Structures are given as structure tokens and as C-alpha cells.
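Report on one structure; see the data block that follows.
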Amino acid sequence: MEYARIQSAQAIIEELMGSSIFSALAHYDPYLDERFGFMAVRQDQEESLDSRYQSYLEANVQGFGKAISLAGGTAEGKNSLIEPLVLRQEVFEYSELSVPINTLEEGLNIKDLLDYYHKKNPLQICKNLLDSGNNVIDITDSAINMAKSLKEYCDEAKKYVESLTKYKEARKAYDDAYQALEEARSRKNNGEEISLDSYISEVDSKARAFGTATDDLKERLSSLKEKERDFLKSKEKFAKGVDELLSNSQEYYKNKYKNKSGKDTIEDPFLATYNVMNNQAQKFIDNQQKEIYNDGQEDDEKLEAQAKKLESYSAEADDKIEGYIVLSEAESIDKITAALYGEMENTIKGSDSTIDLVRSLKDLLYQIIGTKVLYDGSLDSNLDPSELINQSGVLDLGTAEITDSVVNLLSSIWQFLMAAADGDFFATLTALGTFLKSLVTFFKGIFDWASSRLQNLGRLLSGGESLGKNFLLYGYGVYNMPNRTNYSDGSSLTGYEYSNIFEMAGGTYNIGFLDGDFWHYPKMDNVEGRDKLYKGAELEYLLTGSNSEKGAQVGTFFNGFLLRLVSNLPAIASSDWITETSVTGPFVVVVFVILLLLESFIDMILLVNKQSVSLIKMKAYMSTEGISNFIEDFSKCRGLNDETAKQIKKGTQDTADKIAAEAKNKIKSTFGAKPKSSKKSDNNDSKTENAESKATKDTTKPDNDNSNSENNASKATKDTTKPDNDNSNSENNASKTTKDSTKPQNDNSNSGNTAPQEPKKTTATEAMGLKDEQGFMKLDYGEHCLILMLLGTNQDQYLMRLQNLVQLEAKEKYKEKTDYHLSKAYTGITATTEYQLNEFVPITKSTGGFTLDCTKTLGY
């Protein structure tokens, strides 16, 4: 009977303890719930958690009569938010429904998006650009050496011809003096009284001058021959480089057309130009081979012998010396070499219209990147590190590295343009070599940044559940933390208005006050201060960990810029502003780089101004079809100075008009054009102006890596109705389906065929608004941050930064009531209770009750 009482008492006390713990847990923190969606016991009440629990337990026990009496016990909080695993679980529990529902409303299918991005593999394009850039650097170095040796050859040819002219003049002076002596001797022989001494002295004087001129000519001829041999050697090395470049290009097309693994490179434009230069040099050699392949040894010996005779020459004793005529060099070698130098100069420098067009693009780029958009000046907190409960480490914001590489690249472009405009062959090639090295450094930085992140993407896609978990974890930050685009008018998924945080932090509203431009960006990676809160760039803090709110914005901007650079590679490579303009040769690569920088910086300007941009574009803004979309989207930016916005739109439209005016048939020396095997250099009678087109004649249609229908959507029959591009609110994205779901998709295998095609069925992706005629998946600023965090943010650091934000906000919220600390933000309670089973029937005084204990843990 007593055993049954014990069992019953244990069940009762467990139930009473559970009820009491739940009652104590009912005193949850309303701010954490409203602001973050987290459940934890509140810390702003005078009554302790233990006494609160005990009071509930005592009341509950009394309700069961006198069978059980309490003998003691304690209650303490468990599983506080200071523990990363606890916080992680809280995030998951809150995000399981809220984040997926929100992304569905916005049409964001993260799995499809990342899978498409991974298959598109922009990193491979970046790698091919990097590899081909290194290949082009090698042959450009050979071209520079050839240009240098040719320049020295030309300079020596000028000196040789000047020496030859002096030699001829000295010979004529000697001949004339000797002729005068002969005439004087004839008159004397005919009986005329005449002295020959002055005539003999004059001949001896002219002979010595002739001897000096002969010595100088001998030296100049020897130097000329040496420079000639140097030029031949450098030309042979350059020709070998052209052959290697052609081989690389042919291998690329073999992979591209047979294995579909090739991507666009920068080799083709250089191959076309360098092939022309090689043919020009070979034609010169073939035309001058009689002189070039004469080593000049015979001339050297003859001139040396003549100089010795003239040195000891005496008109009184010696016969006349007939001046030697050089056989191993053309007398007009200076003009011939200068003509070759000029031909090559014209080949490399481009036309005046090309230089003007590229300058316009460069000026537009300078204007765009000079726009003040790096940070919102209203968000200027510098956190006091002593207020942080974690030192999470700071993301390498990369501002210095990124800006330095871009500045060097832009400087090299400017130097190349100036050299090309001045027209000197050697200077232009030297500047081109500097540009290529800056270009490779730039793409090396992009590749290094992107490679680890896309490797993470591959692991996420193959990891199954890990992608979903990461999506929930980082998605929580995106949809519950304010950022620079929504801190004044946005709210979390709980409905908490972000403006409350800004006001609590003492912020002063200056909405739209964007500051910090590329040319004058401040060094503020992790500036410390005495501020207690971030004012609104909390998402940027999660991404970067910077104590400086401006620094976090700048770091996020440049990481977003790198993401856009990588994502825009396919669209820019296929832009008709490259493939269908009059720009040729190395200028194609210069234009490609400028357009890539322009496109990516424009994307960031739009994103920080509450617009959305396709992660993978099928149609770049910097294209004939895309420019109108840019003007329309750019007009919605509210954070830019009106005059600045007006100038940018005008500059962009003017440049587009200039490109349209220069447009002509597609040039086959640009990205994605298949080169034809070059003819041997013995065929030099063909005109050099045809050599470029022959070097890269395209016999098959380029694939341009656009075989997928997604890539060809922008090339389909143009829809007469413009798509709704108003992306100022992310909620609008959900309703953005493809405007014309029955629009036929172009087939690149027959791009010229305009015949009607069978309409394709609208895919699930199109129906959800994931794809439109501009690209695949329009994402706003926050969603770009989500991609960046999925690709590169460490979970442990992320959770530590999230803990810091929760601690800072809650401490500031409760500063008048309690010294808040996350270590006391308990999500559960563990209670231990000692209780006594009272006597059932008090028979004697010696009969005692039973004392037992019970421990129970419950949480939210």
C-alpha cells in the first residue's frame, strides 16, 4: 500500500513541477519575442526565477491537501542564448516556417537558384580569362621585344643612312678635289705656270675626311647588322608565340564545339592582331632578304681596307681611290624600316574612332565609380568592443586589395589609350603589356575570391540537408536584421519595425544620404568607438563582423561587387557592345573589362538603392537591348543626387548612341569566334589589310556558351511590351512572371533563322517569376547578402555576431531596469524538489513519512 502511495506521489509531484515550470516560463522576455522571435525568461523582474518557481509550486501542492509536503528544492535557468547550439536551435525553430514562407512570397527558390548558378560556372569563365591572359602576356612580351628591337633597328638605320650620306659627301668631295688636281696637272703639262701644292694638299685633306667617313660607315654598318640580327631573332620568337597562341585557340574551340567545355577567352582578339603584325614583319624580311641575309662581312672588309688606304693616302704618290659602294644594305633602309614600324603601329593602335569610343566608355566608368554610394552616412556607429560578448573576428573586407587592383587596371587602361593616341608602336605595346599584367592581377583576385565560395556552393548542393539548414540560419539574418536599404521603413518577420533600433541607437535621420565613392573611400575596416548599438547595418555586421558600421557597409559593398563581377561574366562576354561593334584587336579586351566593371558597379548602385538585379543575367545592361532597362531601373534610384543621376543617364545614353553609330557586322576577332588556321608567311603578296579577317575567319557559328534556353531568352523574338521592372519592394518579385510565356526561344545553332518557332511550355521556374527576359532570379540587396553568407560565412562566427547583436539591443532596451546579459537569457528551467510523503494514518508518534526528491527540466 505504501508503494502505491509513493508511485502516486511521484506522478503528482512531477505534474505539479511541470505546471510550475511552465508557469515560470510564462514570464518570457517580450522584447526578445517581438524583436527576434526568441523565447527566453525575462530578466527585468525583481523576483528571482527560483522564488517565482517555488511560489507556483507551493500553491499547486497546497491544492492537493496534506498528503505531500515540500521539504526544499531549487530552480535554475538552463540553456541560455549565450550557448551557440541553443541560439542555433532557436533560429531554426523560428525560421522553419517564417523564412521559407517569406521566400516563397518573393519567388526565391534557393535550391534552383544555386544549382543553376553552379551549372553556369562563371568561375570557369574567370579561370579561362586568367589562363588566356597569362598566355597573351607571354606573346605580348615577345611583341614588345620585337617592337623594341625594331625601334632600335629603325634608329640605327637612321644613323646608318646619315653616315652613308656623309660618306657619299666625303667621297664626292674627295673625287672633286682629285678631279681639280688632275685638271691642274693637265694645264701644267700644257705649259701653264701653276703650282700643284695647294691642289695636292686639298686632295690629301679630303682623303683623310673620306677615310674618317669610311670608318664611321663601317661602324654604323656593323651596328646596323647587329640590330638587324636582333630584330630577326625577336621576330622568330614572336612568330613562334603566334603559332602557340593559334594552337591554344584551336584547342579551345575543339573543347568548345566537341565537348561543350570551352569558355570565352581573350586570346582571339590578340591572335588576329598579332597574326597581322607577324605577316607584316615576314613580308618585310622576304622583300629585303637579299640584304638581310647578307652578313655584311665583305662590306666590312672592303671598307676597312679602304679606310687604311685613305689613312696613309698621298695624292702626290698614290693613285685615286674609287669609293666603295655598300652592297649588304639598301640605301633607303631607314625609310623601309620606318614604313614597317608605321604599319605595325597602325595595326596595334586602332582607329581614331575606336580610341574615341573606348575613351567615352572609360569616362563613363570613372563617372559611375565616382558616385557616392559606398555607405549610408546615417549609419555611422563605431561599437565599443567592451560591450561585445564575443570577438567574432572580422571578414577581410578586401577594400584595399580590390580598389588597388581596379585602380591599377584603370590606370593601365588610361596609359594604353594615351600611348595608342600618340601612335608610337613600342610605347603602345609596352602600355598594352602593363594593362595585361594588371588585368591578370585583377582576375586573379576575382578567381581567388570566387573559387573557395563556389567550392562551398558545390558542397552545399551535394550535401542535401546542409543547404536547407544553412538557408534557414542565414535567411534568419537576412529577414530579421535591418540593413542599409530598409532600416528606416522595413520590419522583421515578427513585425518589429527597424526604425525602433535606429531611434534607440540615437540615430539622426538623413534618409538617402549616401556617401563614400570609389576614389576616396575611407579606410575604416574595423574602427572602434564608444557606441552601444549599430543603427541599422546589422545584416552587414553579420556578414563582416566590423565594429565600424560604415566599414561593414563598405565591406559588404565590395564583396557584393565581387559577386556581381563573377555573375556578370557570361552576360558581358556575349554583349553585342563587344561582339558587334567596330572595335577590334586588344581594344576588344579593354572594352570587355570596362563593361564588366561598369555593369557590376551599376548593379551595386541599384541594389543599395532598393532595386533588384538578376543573379545570372541573360541580357546585360551594357548592351543594345539592355540599355533601356538600365535607364528605367536607374530612374527609380532615390538615394542619388538628382544632378549625378541625370549625368550618369546622359553619359550612358550618349555612349550607347556612339556604340550604335560605330556598330557594323559582327567582328570575328572577338569573344567566342573560331579562328582559321593561319597561312604560312611565304604568302606575303596578300594585302595586310585582309590578314586580320583571314586570321580569324569564322566558319562555324560560335556557341558562346548559350546553348541553354535560359541564355537565349534575351535573343528571342523581342516582346513589344516592356517587363515591369519596379523592384523597389521585394514583395513585387513574387508576381513577376515572364511577360510573354509563349515567346519562342532562339536556337543558337541557327541564330539567323527568324521563322516562327513552336512556343515552349512555361516552366515552373518561369511561372514562379524566377526567370524573365533579363535574367535568372532577381534578388534585392539583402538576398545578395544571403548568397554571400551561404557561400562564404562561417557558421560559428555568424552565431557569435548574432549573439552580439541580441546582447547589444536587449541591454540597451533594459538599461533602466537591469544589467541584461545573454548568459541569463534562459530558454529552459531545471527544478529539483524535495518532498515528504506524509503519514497516511498517524498510529504512533514514532511512525514517520517518506522524504523523496524529483528533478525535471522543461523549456520553450
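The values are calculated or read from the model by the stated rules, or taken from the named source; none is laboratory data. The structure displayed is predicted, hence computed values, not measured ones. No Cβ is skipped: glycine too gets one built from the backbone with ideal geometry, and neighbour counts run over all protein chains shown. The protein model used for the area step is the full one, side chains on, heavy atoms only, and it has no ligands, DNA or RNA in it. Shrake-Rupley method; radii C 1.70, N 1.55, O 1.52, S 1.80 Å.
Worth a mention:
- Selection within the range 634-654: residues that are part of a helix (DSSP H, G or I) and of a type outside the set (D, E, K, R). The member of this set that is most open to solvent (accessible area, probe 1.4 Å) is Gln647.
- The single condition from (1) among the β-branched types (Val, Ile, Thr); (2) under 23 Å from Ser412 (Cα atoms); (3) out of contact with any Pro (no Cβ under 8 Å at 6 or more places or on another chain); (4) not in a helix (DSSP H, G or I) that Thr584 fails is (3).
- Residues of the range 549-593 that turn out to be more than 25 Å from Val276 (Cα to Cα) and among the aliphatic types (A, V, I, L, M), as a count: 9
- Residue within the range 607-615 that is among the β-branched types (Val, Ile, Thr), over 27 Å from Ile413 (Cα atoms) and not in a helix (DSSP H, G or I) present: yes
- Of the helices (runs of 4 or more DSSP H) lying entirely inside the range 260-373, those containing at least 1 residues that are touching a residue at least 12 places away in the same chain (Cβ under 8 Å) and in contact with a Cys (Cβ under 7 Å, 6 or more places away or on another chain) are 333-349.
- The residue that is most open to solvent (accessible area, probe 1.4 Å), counting only those in the range 325-343 that are in contact with a helix residue (DSSP H, G or I) (Cβ under 7 Å, 6 or more places away or on another chain), over 12 Å from Phe425 (Cβ atoms) and of a type in the set (D, E, K, R), is Glu331.
Conditions tested, residue by residue: (1) touching a Cys at 6+ places or on another chain (Cβ under 8 Å); (2) open to solvent by less than 50 Å² (accessible area, probe 1.4 Å); (3) modelled with pLDDT of 90 or more.
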residue: Ser749; (1), (2), (3): no, no, no
residue: Glu766; (1), (2), (3): no, yes, no
residue: Lys778; (1), (2), (3): no, yes, no
residue: Gly782; (1), (2), (3): no, yes, yes
residue: Leu802; (1), (2), (3): no, yes, yes
residue: Lys815; (1), (2), (3): no, no, yes
residue: Leu837; (1), (2), (3): no, yes, no
residue: Pro842; (1), (2), (3): no, no, no
residue: Thr851; (1), (2), (3): no, no, no
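- The lone exception for Leu310 - which of (1) in contact with a Gly (Cβ under 7 Å, 6 or more places away or on another chain); (2) closer than 30 Å to Ser623 by Cβ; (3) of a type in the set (A, V, I, L, M, F, W, C) it fails: (2)
- Residues of the range 290-324 that are of a type in the set (D, E, K, R), within 20 Å of Arg220 (Cα to Cα) and open to solvent by 50 Å² or more (accessible area, probe 1.4 Å): Lys290, Asp295, Glu298, Glu301, Lys302, Glu304, Lys308, Lys309, Glu311.
- Summed over the range 344-365, residues that are within 30 Å of the chain's Cα centre (by Cα), under 27 Å from Asn278 (Cα atoms) and open to solvent by 50 Å² or more (accessible area, probe 1.4 Å) total 3.
- Evaluation of Thr403 against (1) touching a residue at least 40 places away in the same chain (Cβ under 8 Å); (2) hydroxyl-bearing (Ser, Thr, Tyr); (3) open to solvent by 10 Å² or more (accessible area, probe 1.4 Å) (one fails), failing number: (3)
- Residues of the range 344-369 satisfying the condition of being at pLDDT below 90, of a type in the set (Gly, Ala, Ser) and in contact with a helix residue (DSSP H, G or I) (Cβ under 8 Å, 6 or more places away or on another chain): Gly350, Ser353
Yes/no per residue for (1) surrounded by 23 or more Cβ atoms within 10 Å (Cβ to Cβ); (2) closer than 23 Å to Phe443 by Cα:
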position: Leu569; (1), (2): yes, yes
position: Thr581; (1), (2): yes, no
position: Leu595; (1), (2): yes, yes
position: Phe601; (1), (2): no, yes
position: Ser612; (1), (2): yes, no
position: Ser623; (1), (2): yes, yes
position: Ile627; (1), (2): no, no
position: Glu632; (1), (2): no, no
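- Meets criteria (at pLDDT below 90, within 21 Å of Tyr826 (Cβ to Cβ) and not in a strand (DSSP E or B)) for Glu46: yes
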